[in-house]
Amino acid sequence: MNKINIINYILYSEAEQNVLPLSSLCHNGCVFCSHKNISKNDYLYKFYDYKRDLSDIIEHIDFLDPSKKVYIGESATKIFEGEPFLFTGIIEVLKAVRKRVKKPAICITTCGGYITRDFLDIIEEIAPIEINFSLNSYNAQTRDRIVLDNKTAETFNNLHKLSLVKNGVKLSVSLMALNEKLTPAGLLLEDIVRLRTLGNISIIKIFLPRFSEKQFHVFFNNYDEFIDYCAVIKSAFGEINCRPGAAPVILEPLPPDFDGGETFIHSVIPASKAAALNLKSKDKIKAVNGVAPLCKTHAYQMIVSSKKKAVLTVESFDECGGGGRGVKHSVSFSDFNGAKDGAGGIVFTSDMPPEVIGRLIKIDGRLAGGGSAGIIATTLLSLDYIDDILVKFNIVNLRAVAFKNRRFGGNIDCAGLLTLNDISEEIQSEEFINRYGRDFKTIVLSSLMFDHLNYDLNGDNLFEFASLGGYELISV
C-alpha cells in the first residue's frame, strides 16, 4: 500500500499538468457526488483531507509553465479538488497566476453559486478565462432537488452575468443526466434550448454519472435499467448537433464510437474556423495534411500540431448525421496555430489514442513470435469498441475481457477505475477460468488505472502486486 506524500501529488499536478490545487473544500450538496461516501479509513481519503495556505500556493505558482493554460478546480491526479471560490484567497491567486502566465487562458471549474463580485469585477483584467460551469440543471426546481446548496438563484444569476461579458470569457456548461425521474430527456433538451440562447457558451456537456454500490441503488434498480436510460438519452440527442451555429452538445461517458472505423466530426463550435468553412457534424475527416488518421484522437492530434496551416481532406454530406450524397473536398485553416486554436473548432469524441494502438500492435507481434496470447483488461463500457479495434488492426493474439469493478461496485464501468485487486480476484474465479481458461500470461491494463508513481486506487503498485506475480502486466 502506498504511503501517501500529498506534496508529491501537488507538485506533479503543478509542474507536469499545469493544475494548481487550492483546496478540497466544497459545499457537499450534490446528491450524486461520490466523494462524500469515502470513509476516513479509505486509502483515498488522504487525497481529500488536505489543506494549503495562500502563501504556499502563491509560492508554487512558479512551478507552472507560463506558456500553457493553467487549470484551477480540476483534478490531474487523485487529489480531490473542491470549489475554487470557497478558497478565501482566490482573487489573489488568480492575479498572481496572470502575472506569471501572460497569455494562455486560466481555466476554472466551478459550480457557479459562490462566484464573487470581486471576481466579476476583475474578469476582464485577468482574461482570457475559460470556465467549466457545473450547472447540473438549468431548471430551478430540478437543481434544488439534486444540488442541496440553496444557491440556485445565485448560480443562474452568475451564469447570466458571465454570458454577457464581451471579451475574454469562454464557458463550458455541464448538466447531469441522473435517471428518468429526476432528469428525463425532455427536461435536458429544454435546458439545452435555453442555454443555447446565452452568449459565450462554447460547449454543453451532459454527464451520465457513475455511482458506487450503495449510491447506485438510490438512482437505479439495476445496471440494465441504467443502460436503458443511457440509450434513451442518446437517442433523444441523435440530431442535437445538426443546427449550424448552436453550441455543441457532448454526452459522456458513453462507449467510444467506433463508427465503422471512420473519423467523424462530432460537432463544430460556433464562430470557429471550422464553422467558417461550413464543416458540420458527421462530416468525415479523410486526411490531415495528407495523412490518413488512425482514429479520431489521431486526427485531433495532427490538427493541433499543425503550424501556420492545416489542410483537411473532408467528405461532407447533404444531410446532417451523414445522410445523403457524400462529396470529398479539401479545406484549409490558414493563419493557424494549433497550440492556440486547438482543432479549429472541430469537436471529436474521445477514442483510443494512436500511441496505444501502436503499442497493442507491437505487443501482438511479440506474442505471435512467442506463440503465446494475452488479454486486454477493460469493462463493459468499452468492450465492443476494443473488439472492433482489434479486428480493424488485425490484432489476433490479444483478447478483450470485461472486468467488474469490485472496488466501488454500482455502475462504475470505466476501465481507469479498475484496480489490480479487481483483476486478480476475477482471473482466479471459477467462472473466469471456465470461460477464458488459463492459456495466457500477459495482461494489458489501461494506464488510466495508475498515477504517475504507478499506484492504483487501492494504493497497490503495478510492479509490486504479488497476487498477479505469475503474469506479465503491461500498462498502455
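The values are calculated or read from the model by the stated rules, or taken from the named source; none is laboratory data. These numbers were taken from a predicted model, which means no experiment stands behind them. Cβ coordinates were reconstructed from backbone atoms using ideal geometry, including for glycine residues, and neighbour counts include every protein chain displayed. Keep in mind that these areas ignore ligands, DNA and RNA; they rest on the heavy atoms of the full protein, side chains included. Shrake-Rupley method; radii C 1.70, N 1.55, O 1.52, S 1.80 Å.
Identify all residues within region 415-430 that are of a type outside the set (A, V, I, L, M) and surrounded by 17 or more Cβ atoms within 10 Å (Cβ to Cβ); write none if there are none.
Of region 415-430, the ones of a type outside the set (A, V, I, L, M) are 416, 419, 421-422, 424-426, 428-430.
Passing the criteria: Thr419, Asn421, Asp422, Ser424, Glu426.
Check His27, His35 and return the single one that is open to solvent by 50 Å² or more (accessible area, probe 1.4 Å), closer than 25 Å to Leu457 by Cβ and modelled with pLDDT under 95.
Details: His27 fails: open to solvent by 50 Å² or more (accessible area, probe 1.4 Å).
After ruling out the rest, the residue left standing is His35.
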- Note on the structure: Taking region 53-69 and the residues there that are surrounded by fewer than 15 Cβ atoms within 10 Å (Cβ to Cβ) and acidic (Asp, Glu), the one that is farthest from Lys103 (Cα to Cα) would be Asp53
- Item | For Tyr50: the one exception among (1) open to solvent by less than 60 Å² (accessible area, probe 1.4 Å); (2) modelled with pLDDT of 90 or more; (3) in contact with a helix residue (DSSP H, G or I) (Cβ under 6 Å, 6 or more places away or on another chain) | (2)
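For Phe463, state whether it is open to solvent by 30 Å² or more (accessible area, probe 1.4 Å) and either closer than 29 Å to Ile38 by Cα or at pLDDT 95 or above (or both).
Working: open to solvent by 30 Å² or more (accessible area, probe 1.4 Å): yes; either closer than 29 Å to Ile38 by Cα or at pLDDT 95 or above (or both): yes.
Yes; evaluated as a whole, the condition is true for this residue.
Among the residues of region 110-119, is any free of Cβ contacts under 8 Å to residues at least 12 places away in the same chain, of a type outside the set (Asp, Glu) and closer than 20 Å to Leu86 by Cβ? Steps first, please.
Going through region 110-119, the residues free of Cβ contacts under 8 Å to residues at least 12 places away in the same chain turn out to be 117.
Pick out the ones that are also of a type outside the set (Asp, Glu) and you get 117.
If we keep only those that are closer than 20 Å to Leu86 by Cβ as well, we get 117.
Yes, region 110-119 contains a residue that is free of Cβ contacts under 8 Å to residues at least 12 places away in the same chain, of a type outside the set (Asp, Glu) and closer than 20 Å to Leu86 by Cβ.
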- Message: Quick check on region 153-181: of everything there that is in a loop (DSSP other than H, G, I, E, B) and more than 16 Å from Leu120 (Cβ to Cβ), which residue is most open to solvent (accessible area, probe 1.4 Å)?
- Response: Lys181
- Across region 262-308, what is the total count of residues that are in contact with a Ser or Thr (Cβ under 6 Å, 6 or more places away or on another chain), assigned to a loop (DSSP other than H, G, I, E, B) and of a type in the set (Gly, Ala, Ser)? 1
- Task: Report, by residue number, each residue of region 286-304 that is free of Cβ contacts under 8 Å to residues at least 40 places away in the same chain and within 13 Å of His329 (Cβ to Cβ).
- Result: Ala287
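For region 186-200, which positions are of a type in the set (A, V, I, L, M, F, W, C), open to solvent by 10 Å² or more (accessible area, probe 1.4 Å) and in contact (Cβ under 8 Å) with a residue 12 or more places away in the chain?
Leu187, Leu189, Leu198
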- What single numbered condition from (1) touching a helix residue (DSSP H, G or I) at 6+ places or on another chain (Cβ under 9 Å); (2) over 30 Å from Ile38 (Cα atoms); (3) part of a strand (DSSP E or B) fails to hold for Ser202? (1)
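Based on what the data block shows, is Phe440 over 31 Å from the mean Cα position of the chain (by Cα), buried (at least 16 other Cβ atoms within 10 Å of the Cβ) and aromatic (Phe, Trp, Tyr)?
On the way: over 31 Å from the mean Cα position of the chain (by Cα): yes; buried (at least 16 other Cβ atoms within 10 Å of the Cβ): yes; aromatic (Phe, Trp, Tyr): yes.
Spelling it out, Phe440 is indeed over 31 Å from the mean Cα position of the chain (by Cα), buried (at least 16 other Cβ atoms within 10 Å of the Cβ) and aromatic (Phe, Trp, Tyr).
Only residues that are surrounded by 18 or more Cβ atoms within 10 Å (Cβ to Cβ), within 22 Å of the chain's Cα centre (by Cα) and not aromatic (Phe, Trp, Tyr): list them for region 395-406, please.
If we filter region 395-406 for residues that are surrounded by 18 or more Cβ atoms within 10 Å (Cβ to Cβ), which is where we start, we get 395, 397-398, 400-401, 403, 405.
Cutting the leftovers down to within 22 Å of the chain's Cα centre (by Cα) gives us 403, 405.
Hit for region 395-406 is Asn405, nothing else.
For every residue, the table says whether it meets (1) charged (D, E, K, R); (2) more than 24 Å from the chain's Cα centre (by Cα).
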site: Asn136; (1), (2): no, no
site: Gln141; (1), (2): no, yes
site: Arg145; (1), (2): yes, yes
site: Asn150; (1), (2): no, yes
site: Ala153; (1), (2): no, yes
site: His160; (1), (2): no, yes
site: Lys166; (1), (2): yes, yes
site: Val169; (1), (2): no, no
site: Val173; (1), (2): no, no
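Could you pull out the residue among Glu190, Glu180, Glu124 that is of a type in the set (Asp, Glu) and modelled with pLDDT under 95? Show your work before the answer.
Values: Glu190 fails: modelled with pLDDT under 95; Glu180 fails: modelled with pLDDT under 95.
Matching residue, one of Glu190, Glu180, Glu124: Glu124.
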- Would you pick out the residues in region 90-104 that are free of Cβ contacts under 8 Å to residues at least 60 places away in the same chain, under 26 Å from Tyr48 (Cα atoms) and not charged (D, E, K, R)? Ile91, Leu94, Ala96
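Return the only residue of Ala231, Ala236, Ala246 being small (Gly, Ala, Ser) and free of Cβ contacts under 8 Å to residues at least 24 places away in the same chain.
Values: Ala236 fails: free of Cβ contacts under 8 Å to residues at least 24 places away in the same chain; Ala246 fails: free of Cβ contacts under 8 Å to residues at least 24 places away in the same chain.
Sole residue among the options that is small (Gly, Ala, Ser) and free of Cβ contacts under 8 Å to residues at least 24 places away in the same chain: Ala231.
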